[in-house]
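Before any comments, here is the structure.
The values are calculated or read from the model by the stated rules, or taken from the named source; none is laboratory data. Remember, it's a predicted structure, so these values are computed and weren't measured experimentally. Note that we place each Cβ from the backbone using ideal geometry, even for glycine, and neighbour counts take in every protein chain shown. Side chains included, ligands, DNA and RNA excluded: accessible areas come from the protein's heavy atoms. Shrake-Rupley method; radii C 1.70, N 1.55, O 1.52, S 1.80 Å.
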Amino acid sequence: MAVGFCETSMMLQLIEQPSPEQMFHEQYAFYSSTSQHMQRHFSEFARQVLEMGVLSKENPFVVELGCNDGIMLRNFANVGIRHLGIEPSRNVAEVANSYGVRTISEFFCHQLAIDIVSKEGKADAFLAANVMCHIPSIVDVASGISKLLKPTGVAIFEDPYLGDVVEKTSYDQIYDEHVFLFSAHSIQHLFRQQGMELVDVQAQKTHGGSMRYVIAHAGAYPVKDSVNRLLEKEKSIGLNRVATFRKFSQQVEQSRTELIQLLTGIKAEGKRIAGYGATSKSTTILNYCGIGTDLIDYISDTTPIKQGKFSPGMHIPIKPYDFFMASPPDYAILFAWNHAEEIMAKERAFIEKGGRWIVHVPEVRVLE
Ligand code: TYD
């Protein structure tokens, strides 16, 4: 897996990626609603959209790309707003439909946007969360969004933010599904090509630091100060320059050295280490650092479809959460660090019994 940066589009992206069909299919292992924190996040997201004043009074229409199990759209369905979810992974799309969220199992593209407009009319809002950065054909998607939206329509989407990745050395955000790590610079460039503009940005805590982007047809809405402030900040960090990413790669190597040293030292004391959360992110850490069952006994995960399987590449067994409770390790490495708040709140007993947390973001250390 290799990463490239383009100083014209200002996009940080994977050089190669598996085909979307290999990643988003009827066995897609991620159900958004397993996290209560995310449920609250998406009902808040939906509430903000409802209060923005962008939905038409008459028969508004909201489209969500990658609606997963309907975690966000059910907030619109529940108040009777016309909506359409687009979710390529059939298994999760079926769950969304069972919750009363009208969902089709397709990949979004320019042509699908045209088909939707011809059948259902243009949309007031296009939403996506942790989806846009997964799509290699991003220019085609941006073009589809411009076709789908009414003249007053807005696209609102959020993804892990490149600025956080660089600041926290959270290189585990780089994995197969994340073909891009966006910044305000790259998003502005992408949508300008479609006659659209970035009108607002809002930083989010989710996924270890995300950015919500609001895009509209050029001239439809005033551009908020937040956009210029973020663009200036990005220039000062250097998110528009390749030199920044050369330095970043050195920080990543340093982080790997420190993590291997820490885990090896703990293991040499005869202690047991388990992973907490069989995240996609951990796949990058484990394979890049070469960490296998010599250092980590097992990874605990609450998602049934992951249990009984093995981590990709390093083949660490994935065990249900009950196993973690019954057989707690001396140290747990927090692979699901993006859910730290929620996890720390529910794992007091682990600490009380003498367990300790290892984190690798923003720096490698054992939590006191
Ligand atoms: P996720 O946040 O999707 O990270 P990534 O995008 O890197 O895969 O995954 C979180 C994983 O952690 C998911 O498989 C569920 C698991 N998990 C637990 O096992 N226990 C928990 O308390 C939480 C919050 C998550």
Measuring from label point to label point, each 7 Å out along Cα→Cβ, what is the M23 to M1 span in nm? 0.9 nm
What's the tally of Lys pairs in segment 109-196 whose alpha-carbon atoms lie under 27 angstrom apart, where the two lysines are 8 or more places apart or on different chains? 4
Residue-wise, which Karplus ³J(HN,Hα) couplings in Hz belong to segment 8-19, taking 6.51 cos²θ - 1.76 cosθ + 1.60, θ = phi - 60°, and x for glycine or proline? 8, 7, 6, 9, 9, 8, 5, 7, 10, 8, x, 5
For a quick check: with amide H placed at 1.01 Å from N, whose amide H comes under 5 Å from M211's, ignoring anything fewer than 5 positions away on the same chain? D159, Y161, Q204
Length added when fully stretched, Q111-D297, from 0.36 nm per residue minus Cα-Cα: 62.2 nm
Note to self: with every protein chain in place and a 1.4 Å probe, segment 244-366 gives an accessible area per residue in Å² of 48 Å²
Evaluated over the chain, the Cα radius of gyration and Dmax, each in Å: 21.0, 67
Percent of accessible area on segment 244-366 owned by carbon and sulfur, 1.4 Å probe? 53 percent
Pairwise centroid distance, computed over Cα atoms, of segment 213-279 with segment 159-188, Å: 6 Å
Would you mind calculating the relative contact order of segment 16-131 from Cα pairs under 8 angstrom and at least 6 residues apart, reporting the percent as a whole number? 28 percent
Let's test this: bin the Cα-Cα distances of segment 244-366 at 5 Å from zero up to the farthest pair and state each bin's percent. 2, 11, 22, 25, 21, 12, 5, 2, 0, 0
If amide H atoms are built 1.01 Å from N in the plane of the peptide, which residues on other chains or at least 5 residues away come under 5 Å of the amide H of Y298? G275
For the E253, R90 Cβ pair and Förster radius 35 Å, calculated FRET efficiency rounded to 0.05 is 0.30
Arranged from highest to lowest average of other beta-carbon atoms within 10 Å per residue, in what order do the peptides 17-27, 174-184 appear? 174-184, 17-27
Protection proxy ranking of 61-70, 261-270, 112-121 - average other beta-carbon atoms within 10 Å, highest first: 61-70, 112-121, 261-270
For the chain, which DSSP H helices look membrane-span-like by this rule: Cα extent along the axis of 24 Å or more and mean Kyte-Doolittle of at least -1.0? 242-268
